[in-house]
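Heads up: the structure comes next, in structure tokens.
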Amino acid sequence: QHLSNILLAYSKLGVHSSELYHKVANPIVGLHYLGEFDPQSLSNILWTFAKAEESNLRLFWKVTDRISKLNNFNSFTPQELSITLFAFTKAGESNPGHFQRVADHIIGLNKLNSFKPRGITNTVWEFTKARESNPR
């Protein structure tokens, strides 16, 4: 969580250092288990990398793999889920499995009522940018 807070602080201050992002990404990618990272930390890590235009696909996949292994998105806010999608679209990369799991979660649990209008708009926009669809 501390790594997430450091990245978030740098991002909000407008400080950009590719070296910092690489030094933070490498230990996270090297971890065998991301169990100590809560949903907010996981989404913040992805958001800061995407916002800084520091694409690190190994990190993105590691984090979304951890999210998938949680097998329960109930602990994520709609905004945190949307942020995970934003990271991939901002990087110009695709992760169809993650997009599908997020869509299934939202649809399966009738989570649309928990989204603020901006949240659902952002989520749909990320699906559009990624050219991902869910026919349901």
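The values are calculated or read from the model by the stated rules, or taken from the named source; none is laboratory data. Remember, it's a predicted structure, so these values are computed and weren't measured experimentally. With ideal geometry, Cβ positions are generated from the backbone for all residues, glycine too; neighbour counts draw on all protein chains shown. Quick note on the areas: whole protein, heavy atoms, side chains included, nothing else; ligands and nucleic acids left out. Shrake-Rupley method; radii C 1.70, N 1.55, O 1.52, S 1.80 Å.
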Being farther than 13 Å from Leu85 by Cβ and modelled with pLDDT of 80 or more is the filter here, so list the residues in the range 117-136 that pass it.
Pro117, Arg118
Do we find that Glu80 is within 23 Å of Thr128 (Cβ to Cβ), of a type in the set (D, E, K, R) and either free of Cβ contacts under 8 Å to residues at least 12 places away in the same chain or in contact with a helix residue (DSSP H, G or I) (Cβ under 8 Å, 6 or more places away or on another chain) (or both) in this structure?
yes
Whether any residue in the range 41-62 is in a loop (DSSP other than H, G, I, E, B), touching a residue at least 24 places away in the same chain (Cβ under 8 Å) and more than 21 Å from Phe88 (Cβ to Cβ) is what I want to check.
no
Selection from the range 76-97 of residues that are surrounded by 23 or more Cβ atoms within 10 Å (Cβ to Cβ) and assigned to a helix (DSSP H, G or I):
Leu81, Ser82, Ile83, Thr84, Leu85, Ala87, Phe88
Any residue that is under 16 Å from Ala130 (Cβ atoms), small (Gly, Ala, Ser) and surrounded by fewer than 22 Cβ atoms within 10 Å (Cβ to Cβ) - is there at least one of those in the range 53-75?
yes
Count of residues meeting criterion [in a helix (DSSP H, G or I) and either β-branched (Val, Ile, Thr) or farther than 23 Å from Leu85 by Cβ (or both)] in the range 1-32
15
The conditions are (1) at pLDDT below 85; (2) open to solvent by 80 Å² or more (accessible area, probe 1.4 Å); (3) at negative phi, and Gly30 fails exactly one of them. Which is it?
(2)
Exactly one of these conditions fails for Gly35: (1) of a type in the set (Gly, Ala, Ser); (2) out of contact with any Pro (no Cβ under 8 Å at 6 or more places or on another chain); (3) assigned to a helix (DSSP H, G or I). Give me its number.
(3)
Return yes or no: is Leu42 under 25 Å from Thr123 (Cβ atoms), open to solvent by 40 Å² or more (accessible area, probe 1.4 Å) and under 15 Å from the mean Cα position of the chain (by Cα)?
no
